[in-house]
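What follows is a single structure, written as structure tokens, with notes after it.
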Amino acid sequence: MSTKITLDQWQALIAVVDEGGYAAAAEALDKSQSAISYAVQKIETELGVRAFALEGRRAKLTETGSLLYRQAKVLVDEAGRIENTAIRFGHGWEPLVRLTADGLFPQDQVLCALVRLASESPLTRVEFQETVLSGSEEALLRHEADVVITGRVPPGFMGDHLSRIRFVAVAAPEHALHHQGPLELDHLRPHRQLVIRDSGKRRVDSGWLGAEQRWTFSHGSARRQALLRGLGFAWVPETEIAADLAEGRLLPLPLKEGVERFHDLYLVYADGQYAGRAARFLGECLRAEAEPV
């Protein structure tokens, strides 16, 4: 089946919308303004529709134009993924794989997976980024990663369950909370809670945040040191403090309920079925390293 509209013409329409006008679209696509105008007119003429309506001196999308814009975005993105897949298959292993992982996923498991990738494809470069809360989700949405471990799979992506992380409410043995008997959540309010900052721009909060005092850390290692010094309490991934719990440096709080929580992590390929060979191999290695649910 032949089509009346080319990808270049759809790209022109998309650029007019994204860039806010014909002149800006022409600059973004490195084309003349007349070429952009002709491409949009071609779409309207061939399909018998109006994509834009003039409001004063500004062109605004019609209802039909909005539909065309959304569908064109899907079409152009899909075409780009198909081309990238062909290039990857033509060259075998990708030259670069970008991995973004929620910091809850154990770092040693990530490194074991990367060792296996290095053995299979030593020339593939890796960019590894750790995130907190919404950071992994944003990396997917901004197309900044190829393989992502995230606690939430955003709309438009498919993810496979990878692991479940157990959180435990803990404090140092000398902390006052260990000497108050069975605790309700209200008993926690006067005491300092130690939390990790969301690495995403949305600054999403997670967990119980009812304490009157709160200290925020950018990384779990700094929070762990604060916990060991008795500076507060926190719900912490069990894998992060396993040795501290085993040796008594940190103790679970005597809460009547809520002493433990669980957080699920998912493995997502940014390009879905078009993920490259190296990305797929790394994903399978991460899956193999993940602890069973």
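What follows draws every value from the coordinates through simple rules; no lab data is involved. Please read all numbers here as calculations on a predicted model, not as lab measurements. Cβ coordinates were reconstructed from backbone atoms using ideal geometry, including for glycine residues, and neighbour counts include every protein chain displayed.
Quick notes on this one:
- Leading residue by the ranking (nearest to Pro154 (Cα to Cα)) among those in the range 266-282 that are touching a Leu at 6+ places or on another chain (Cβ under 8 Å) and assigned to a helix (DSSP H, G or I): Leu282
Residues checked against (1) part of a helix (DSSP H, G or I); (2) free of Cβ contacts under 8 Å to residues at least 60 places away in the same chain; (3) touching an Asp or Glu at 6+ places or on another chain (Cβ under 7 Å):
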| position | (1), (2), (3) |
| --- | --- |
| Thr216 | no, yes, no |
| Gly258 | no, no, no |
| Arg261 | no, no, no |
| Asp264 | no, no, no |
| Leu286 | yes, no, no |
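- Among residues of the range 1-44, those that are closer than 14 Å to Gly65 by Cβ and surrounded by fewer than 15 Cβ atoms within 10 Å (Cβ to Cβ), counted: 2
- Pairing residues of the range 104-122 that are within 26 Å of Arg223 (Cα to Cα) with residues that are part of a helix (DSSP H, G or I) and of a type in the set (S, T, N, Q), at Cβ distances under 8 Å and at least 6 apart in sequence or on separate chains, gives Pro106/Thr239.
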